[in-house]
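The values are calculated or read from the model by the stated rules, or taken from the named source; none is laboratory data. This one's a predicted model, so the numbers in the text were calculated from it and none came from an experiment. Cβ atoms come from the backbone with ideal geometry, glycine included; neighbour counts cover every protein chain shown. Calculation scope for accessible area: heavy atoms of the full protein, side chains included, ligands and nucleic acids excluded. Shrake-Rupley method; radii C 1.70, N 1.55, O 1.52, S 1.80 Å.
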Amino acid sequence: MKQHRNLPFFVPHAGCPNCCVFCSQVKITGEKCEKALETELSELKAMLDSAGSEYPESQIAFFGGSFTAIERARMEALLSVANEYIEKGVAESIRISTRPDCINEEIISVLKKYRVSNVELGVQSTDDSVLNASGRGHTAKASFEAARLLVENGIVFGGQMMIGLPGSSLESEMKTAEDIVCMGAGEARIYPTVVFEGTKLYDMAKNGEYVPLSLDDAVARSAKCFEIFRKAGVKLLRIGLHASENLKNAPMGANHPAIGELVKSRVYADIICEKVGECRGKRLCIAIRREDISMLRGHGGKAIELIKDATGASEIEITPLDIPQFCPEVKIL
Ligand code: SF4
């Protein structure tokens with residue numbers, strides 16, 4: 001069986017011409033911004049050397065900055081090292097993340113030359129007023145255009161979006177998820193906004209210009225977008241930032257280390273509530289994938305409580321199902 005493995009390499013804030021209100025790449029990755037190229041290349045080689053070649057289907061992933069905006073010689077040097085290791089059988093392809101306005105035909109030809117197969121775009125929102133309030137420095141049109149170029153060139157486009165940006169709402173977030181689907185995304189990530197110290201967003205929250213997302217709102221709104229991606233068959237790669245040391249210290253916003261699990265359990269609860277409607281005083285039997293039972297029962301049984309509140313069921317029984325798909329069966333007794 002094919003074993004997929006990501007070999008991540010962070011290129012923090014490198015080349016980014018912008019200052020989004022929420023961004024503190026140094027805090028997210030815990031690394032300093034700029035390094036000498038030799039140091040960076042040695043670190044990349046060391047990481048790839050230690051990876052070994054037992055999983056040749058691995059993917060080398062450059063994350064953390066606007067990869068296609070970094071100085072061209074540096075970008076090609078990093079890609080070139082990655083290609084050396086593809087030749088050695090350590091990995092088979094490359095993934096990068098970048099801003100929508102840092103993709104054009106010429107950049108795509110460079111990416112193809114170096115076997116970049118997946119490009120994740122920081123779409124964040126397709127509402128221009130949200131992009132503007134977040135200091136993104138590009139419009140939604142740039143995302144549509146970049147996605148079109150990627151898809152036309154056979155590169156898998158991944159759409160990254162955020163929940164709870166300044167001026168955003170559930171409606172604009174659901175529209176963003178729908179737009180990412182329409183752009184032809186094969187993959188997506190959902191990032192509920194987290195407020196780091198030292199960012200403009202932190203100051204905005206302190207002076208009342210911005211209200212940080214509560215965990216409940218972040219989970220409920222992310223769940224709606226998750227459903228849009230799931231129904232469209234877009235692979236959801238991740239919900240929420242990695243729970244790094246620095247993330248733990250972010251003082252405001254949806255900073256829960258297991259937010260992805262909370263969102264999935266909320267999605268289950270929403271699907272079940274929609275299927276069941278009202279069943280006041282009745283017993284509800286839910287059959288779900290065996291491996292998902294802990295997700296529904298976990299986190300203090302919040303999802304179960306939510307289902308009880310929304311449906312009026314007096315009792316809930318959960319039984320395991322050996323099915324591959326993420327879809328519950330429900331019986332009311
Ligand atoms: S474009 Fe990306 S790296 Fe640059 S400031 Fe915004 S979030 Fe940070």
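Details
- Scanning region 69-80 for residues that are touching a strand residue (DSSP E or B) at 6+ places or on another chain (Cβ under 9 Å) and open to solvent by 10 Å² or more (accessible area, probe 1.4 Å) yields a total of 1.
- Of all the numbered requirements in (1) of a type outside the set (Val, Ile, Thr); (2) touching a Pro at 6+ places or on another chain (Cβ under 6 Å); (3) exposed (fewer than 12 other Cβ atoms within 10 Å of the Cβ), Arg290 misses one, and that requirement is (3).
- Residues of region 121-149 classified as away from the ligand (no atom under 12 Å from the Cβ) and either under 19 Å from Cys23 (Cα atoms) or surrounded by fewer than 19 Cβ atoms within 10 Å (Cβ to Cβ) (or both), total: 16
- Filtered residue count, region 103-119, keeping only those that are out of contact with any Phe, Trp or Tyr (no Cβ under 8 Å at 6 or more places or on another chain) and surrounded by 21 or more Cβ atoms within 10 Å (Cβ to Cβ): 3
- Every residue from region 262-287 that is open to solvent by 30 Å² or more (accessible area, probe 1.4 Å) and within 19 Å of the chain's Cα centre (by Cα): Lys264, Arg266
- Single residue of Leu44, Leu37 found to be at pLDDT 80 or above, surrounded by 19 or more Cβ atoms within 10 Å (Cβ to Cβ) and more than 16 Å from the ligand (Cβ to nearest atom): Leu44
- Total residues in region 150-176, condition part of a strand (DSSP E or B) and either open to solvent by less than 50 Å² (accessible area, probe 1.4 Å) or outside the structural domain of Cys102 (by TED's automatic domain parsing) (or both): 7
- Members of region 238-261 that are at pLDDT 85 or above and open to solvent by 60 Å² or more (accessible area, probe 1.4 Å): Arg238, Pro251, Pro257, Glu261
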